[in-house]
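Below is one structure, written out as structure tokens; the observations come after it.
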Amino acid sequence: FAGLTIGALMATHTAKKFDIPEMKVLGDLYLIEMDLILVEKIVQNVDLIDGYLNAFDYKTKAFITAALIHYRRVFSTGVRMRLRIDDVPSEWMDLHREAIAVADKHTAHSVNEYESATASLGVRIDENDIEVTSVRYGMMGNAEMSAYNFDRLGRLARILVDSVIKERRSKLEAVILQKAKLLSSDQLSALPCGLQVGSSKTPHPAKPRGQ
């Protein structure tokens with residue numbers, strides 16, 4: 001520890017809230033990034049059968065649904081900011097529109113052109129008689145998204161993280177640091193505590209009684 005002052009040895013690091021508009025945007029960008037990374041990871045973990053998505057497998061269906069909904073969240077109006085359609089590179093626009101359409105018109109809502117169900121009668125016919133034996137149900141549907149485009153959706157999510165989110169985040173961090181460095185020591189000390197590394201707003205579930 002030679003050469004270090006007592007003040008340096010006693011220095012601690014903590015988190016402080018800094019309520020300026022740029023901080024809110026930075027937080028929103030972080031949440032958007034987490035959605036996009038989740039889309040990428042989901043796509044990477046979906047199993048294909050002979051190169052096709054098996055939409056009748058419950059696990060695969062859940063993965064497809066989750067990826068589409070989280071991608072849609074990135075561009076949906078809500079309490080946080082959203083990415084704009086012009087953030088999507090032009091060469092990826094057709095895929096973007098397809099993903100949003102499938103998420104909105106099929107995954108999130110039931111009135112759509114992607115599926116239909118029918119009910120029919122089961123009839124036994126022989127040489128001398130015809131008899132109704134049952135009521136049968138069936139469904140018809142188009143594939144929500146081809147395996148090829150689903151794979152590309154994961155790549156598009158990564159492109160948006162690298163080309164949009166990281167660039168904006170870097171610029172915002174520079175602006176925030178510049179403004180923060182104008183604060184005096186007293187002003188910094190007076191700032192309320194923020195979330196510490198590894199902390200969460202989500203409370204731990206209560207233990208069952210008797211434990």
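The values are calculated or read from the model by the stated rules, or taken from the named source; none is laboratory data. Note that the coordinates shown come from a computational prediction; the quantities given were computed from them, not determined experimentally. Neighbour counts run over all protein chains shown; Cβ positions are idealised from the backbone, glycine included. Remember, those area values only see protein heavy atoms, side chains included, never the ligands or the DNA or RNA. Shrake-Rupley method; radii C 1.70, N 1.55, O 1.52, S 1.80 Å.
The set of residues in the range 130-166 that are at pLDDT 95 or above and among the acidic types (Asp, Glu) contains only Asp162.
Among the residues of the range 97-129, those that are outside any loop (DSSP other than H, G, I, E, B), hydroxyl-bearing (Ser, Thr, Tyr) and either modelled with pLDDT under 70 or surrounded by 10 or more Cβ atoms within 10 Å (Cβ to Cβ) (or both) comprise Thr107, Ser116, Ser120. Set side by side, the residues Arg73, Arg80 differ, and just one is open to solvent by 20 Å² or more (accessible area, probe 1.4 Å) and under 15 Å from Ala157 (Cβ atoms), which is Arg73.
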